[in-house]
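Encoded as structure tokens, the structure appears first; notes follow it.
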Amino acid sequence: MKSFEYHETRSVQETIEILSSEEETRILAGGCGLLLLIKEKLFVPRAIVNIKKIPGLKYVTQKNGHIAIGTLTTHNEVKDAPAVAEKIPLLSEALGYVATDRIRNMATLGGTLTYADPTSDAAPALLALGARVKAEGKGGEREIALEDFFEDYFETVLPPDEMLTEIIVPVQPDRCGAYYTRFEVRKAMDKAMPGIAVLLVLEDDLRTIKVARIGMSGVGNKCIRLPEAEAFLQGKEDHEEIRRNINEIVKHNIDPIDDYHYSAEYKKEVSGVLMERVFTEAYRRATNQKS
Ligand SMILES: Cc1cc2nc3c(=O)[nH]c(=O)nc-3n(C[C@H](O)[C@H](O)[C@H](O)COP(=O)(O)OP(=O)(O)OC[C@H]3O[C@@H](n4cnc5c(N)ncnc54)[C@H](O)[C@@H]3O)c2cc1C
């Protein structure tokens with residue numbers, strides 16, 4: 001392994017100073033993704049900034065209708081936080097699919113989003129929940145809608161001198177049902193091919209869909225929302241024909257590629273069938289909610 005400079009920072013400001021003064025510098029959070037890239041020689045850093053000792057970046061708090069999660073909070077800390085399990089259970093459900101406890105105890109929520117793996121489990125749930133992320137750089141702080149955050153395979157819109165600090169997730173409203181699952185052949189250590197999260201909010205009649213949001217992973221170069229399928233569902237009720245139609249809409253709105261796991265055609269077929277199932281379960285959960 002090629003040698004590189006190593007820094008440990010104690011504040012966001014100190015981190016931003018280093019990121020903006022040295023090229024080819026990367027943040028180290030849980031290390032589960034970055035160290036893999038370095039070991040496989042897919043990325044050779046000139047310097048690494050370990051941010052794990054920055055105080056105040058590990059929290060789950062509830063304020064004004066949303067849950068705020070510090071970037072350094074690990075998958076298991078997020079998954080098991082009472083506020084998450086109660087107010088945004090879709091996220092807890094999705095995080096339960098990630099690898100093993102060993103990984104979930106190290107990998108951070110901010111790390112997994114900035115890693116931008118197109119087969120992520122967390123991202124589809126957060127996209128369906130309408131999450132935003134907070135980033136800080138030389139120019140100050142800004143918020144970015146998660147759907148605008150992912151750019152390409154393992155790439156986000158963050159410039160090299162900016163760091164993610166917080167994930168902001170609106171709480172699931174009344175009359176809401178949401179479900180995440182992924183297609184997997186083996187249980188542990190598999191990746192989402194695809195992973196689908198559907199969040200539905202019903203009208204007062206507890207039948208008509210008022211809001212539909214869909215997040216997907218494993219079918220392209222980044223995790224995506226499916227605006228056409230969401231628009232199709234809004235104003236409708238669940239029935240056989242809706243489910244058949246949504247299957248077809250999904251297949252026409254994704255562009256997977258062949259890989260060593262599955263062909264693009266197979267991924268399309270699986271995505272359509274999985275979407276029918278995820279939608280059906282999300283709708284069932286929504287109709288079981290009290291208004
Ligand atoms: C064996 C194994 C199995 C896995 N299985 C799954 C799975 O089933 N489902 C799934 O979704 N994922 C899976 N993963 C991926 C794993 O979830 C991610 O690698 C991990 O979440 C990354 O988080 P981290 O904290 O370890 O980030 P790191 O590895 O520390 O960083 C990842 C990237 O994000 C950048 N970064 C980190 N934090 C910040 C920040 N605050 N601001 C700016 N940039 C930052 C780093 O510079 C680096 O480029 C698996 C990984 C492994 C090793």
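Readers should treat all values here as calculations from the given coordinates under stated rules, not as data from a laboratory. The structure presented is a predicted model; accordingly, all values stated were derived computationally and were not measured. When we count neighbours, we look across all protein chains shown, and the Cβ atoms used for this are built from the backbone with ideal geometry, even at glycine.
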Just report the Cα centroid separation between segment 65-120 and segment 236-276, whole Å.
26
Order of Thr108, Thr287 - criterion: other Cβ atoms within 10 Å of each residue's Cβ, fewest first:
Thr287, Thr108
From the phi of every residue in segment 9-24, what ³J(HN,Hα) in whole Hz does the Karplus formula 6.51 cos²θ - 1.76 cosθ + 1.60 yield, where θ is phi - 60° and glycine or proline is x?
10, 10, 8, 5, 4, 4, 5, 5, 4, 5, 4, 8, 9, 10, 7, 6
Per the helix-only model, the chain has a calculated mean residue ellipticity at 222 nm (DSSP H runs of ≥4, -39500 (n - 2.57) each, divided over all residues, rounded to the nearest 500) of -9500 deg cm²/dmol
The ³J(HN,Hα) series, computed from each phi in segment 274-285 with the Karplus coefficients 6.51, -1.76 and 1.60 at θ = phi - 60°, rounded to the nearest Hz and given as x for glycine or proline, is 5, 4, 4, 5, 5, 4, 4, 5, 5, 5, 4, 5
How do Phe149, Phe43, Phe279, Phe154 rank when sorted from fewest to most other Cβ atoms within 10 Å of their own Cβ?
Phe43, Phe154, Phe149, Phe279
Other residues with Cβ under 11 Å from the Cβ of Thr181 give, with Lys and Arg +1 and Asp and Glu -1, a net charge of -2
State whether the chain is rounded, prolate or oblate according to the following rule on the C-alpha gyration tensor (a ≥ b ≥ c being the square roots of its eigenvalues): a/c under 1.5 gives rounded; otherwise a/b larger than b/c gives prolate, and the remaining case gives oblate.
prolate
How much net charge surrounds Val273 when only the other residues with a Cβ under 15 Å from the Cβ of Val273 are counted, with Lys and Arg +1 and Asp and Glu -1?
0
Note, segment 158-163: 3J(HN,Hα) by Karplus (6.51, -1.76, 1.60, θ = phi - 60°), whole Hz, Gly/Pro = x, goes 5, x, x, 9, 10, 10
Taking the Cβ of each residue in Thr25, Thr100 as the centre, tally the other Cβ atoms inside 10 Å and list the residues starting with the fewest.
Thr100, Thr25
Can you compute the charge dipole magnitude of the chain about its Cα centre, using +1 on each Lys and Arg Cβ and -1 on each Asp and Glu Cβ, nothing else charged? Give it in debye, rounded to the nearest 20.
780
Farthest toward the dipole's positive end in the chain, which of Val171, Gly140, Tyr59, given Cβ charges of +1 (Lys, Arg) and -1 (Asp, Glu) about the Cα centre?
Tyr59
hull vol. (C-alpha, convex hull) per residue for segment 20-132, Å³ -> 120
